[in-house]
Amino acid sequence: RMYDVRQAKRLFGFIGSGEVVARITGAFSVPLLLGLMGVENLLLLSATALAGCGVMLTLVMRLPAPAEADAAGEAKGPKEKADRKGLVRRVLSDRYLRLIVLVAFLAILGKYFVDFAFLGAMKGRYADTERLATFFGLFSGVSQTLSLLTRTFVSGRLLNRYGIRLGVLVLPATHMVCTVGIVLVGLFSPESAVVFWLVIANQGIYKTLKHPIDNPTFKVLYQPLKKEQRLATQIAVETIVNPVGLGVAGAVMLIFSAVLPYDPVHFSWALLLTFGIWFYVARQAGREYGVALVRALENRIEDIPFVFDDDEGLAVIERT
């Protein structure tokens with residue numbers, strides 16, 4: 001709510017870098033810690049870190065909120081809480097909001113399907129717990145290092161130069177290419193080690209591109225909305241769409257584990273279908289984003305009426 005569209009494109013990818021640094025540190029420390037305390041005792045470190053997170057959150061919540069965000073919370077919060085019954089109806093009544101919801105839903109499916117394939121590949125290859133934990137640690141460290149580099153050097157430049165229409169397609173398109181590779185190799189040599197490494201690569205793609213590019217792009221999709229629409233849509237995505245998406249993903253994964261014998265190549269067809277629909281919907285959302293942004297700028301700049309026949313205002317538009 002605090003950033004305009006330009007600031008959001010430039011900063012959303014960078015703001016979360018602290019999280020990635022922590023992931024890199026934690027992942028690369030796993031192989032060293034295993035020799036000292038074993039797998040089970042890593043849970044103690046996890047609990048300690050979670051407690052530290054609670055302390056930091058308490059300190060952050062004591063800080064004064066920005067005036068605009070605080071005023072918005074006072075003005076909109078009680079009204080939104082009192083009107084939860086009409087939340088879904090309001091969101092689904094607008095084409096652009098429906099597309100945002102669908103992108104969020106398909107992204108949830110993609111995340112858990114990629115995780116499922118990755119864990120299935122690990123289960124089939126590593127039987128020893130410590131070797132498995134070591135691989136997880138090294139894999140996470142490498143992928144999060146790539147994620148940090150992408151955040152720092154690629155995300156802002158990519159979104160500023162090529163815009164949201166491309167940014168929203170990067171993750172599903174890259175997943176599609178990798179998954180097509182799995183299917184093609186599987187048709188001729190399903191037992192090949194190449195299939196295993198392509199499944200691992202698919203997870204690496206998610207870890208590398210999701211937070212630096214896909215998440216910031218998705219957040220920018222909210223920016224053309226009026227503040228009350230923005231809050232309502234975010235609530236709908238977080239409290240309704242994400243749990244429903246997780247439930248659907250769980251049902252599909254249950255079919256491929258309990259009903260059908262799991263096969264990475266067969267499951268890749270489900271992945272390919274998901275990524276194909278995700279790509280199509282994201283493309284539509286990118287187009288509608290431009291329409292929504294123009295519609296918003298016709299009437300307001302950050303909810304402030306704007307006069308388009310003013311010389312100073314026109315000069316600002318021409319420069320930007």
Per the 1.4 Å probe, what fraction of the accessible area of the chain, in percent, lies on carbon and sulfur atoms?
66 percent
Calculated FRET value between Val177 and Leu43, using beta carbons and R₀ = 30 Å, to 0.05:
0.20
Once both axes come from the Cα atoms, what is the angle between helix 67-82 and the longest principal axis of the chain, in degrees from 0 to 90, rounded to 10?
80 degrees
Accessible area expressed per residue, region 142-269, with surrounding protein chains retained (probe 1.4 Å, Å²)
45 Å²
Per-peptide average of other Cβ atoms within 10 Å, ordering 216-227, 52-63 highest first
216-227, 52-63
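Report, in deg cm²/dmol and to the nearest 500, the calculated mean residue ellipticity at 222 nm for the chain, where each DSSP H run with n ≥ 4 adds -39500 (n - 2.57) and the sum is divided by the residue count. Please list the in-between numbers first.
Working: 14 runs with 253 residues, N = 320.
Rounded to the nearest 500, it is -27000 deg cm²/dmol.
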In degrees rounded to 10, the 0-90 angle between helix 264-299 Cα long axis and the longest Cα principal axis of the chain is 10 degrees
So for the pair Val21, Val55, with labels modelled 7 Å out along Cα→Cβ, what separation do we get in nm?
1.8 nm
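Can you give the local net charge around Ile182? Use residues other than it whose beta-carbon is closer than 14 angstrom to its beta-carbon, Lys and Arg +1, Asp and Glu -1.
Values: positive: none; negative: Glu191, Asp263.
Local net charge: -2.
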Simple label model, 7 Å out from Cα along Cβ direction - Val294 to Leu166, nm:
2.1 nm
For region 204-298: rounded, prolate or oblate by the Cα gyration tensor [a/c cutoff 1.5]:
prolate
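Would you kindly state how much longer the chain becomes between Leu254 and Arg157 on full extension, computed as 0.36 nm times their sequence separation minus their alpha carbon distance, in nm to one decimal?
Details: separation 97, 0.36 × 97 = 34.92 nm, distance 4.05 nm.
Computed gain between Leu254 and Arg157 is 30.9 nm.
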Relative to the longest principal axis of the C-alpha atoms of the chain, give the angle of the C-alpha long axis of helix 156-188, reported between 0 and 90° and rounded to the nearest 10°.
30 degrees
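The values are calculated or read from the model by the stated rules, or taken from the named source; none is laboratory data. The shown structure was predicted, so the numbers you read here are calculated from the model rather than taken from an experiment. Cβ sites come from the backbone with ideal geometry, for glycine too, and all protein chains shown count toward neighbours. Side chains included, ligands, DNA and RNA excluded: accessible areas come from the protein's heavy atoms. Shrake-Rupley method; radii C 1.70, N 1.55, O 1.52, S 1.80 Å.
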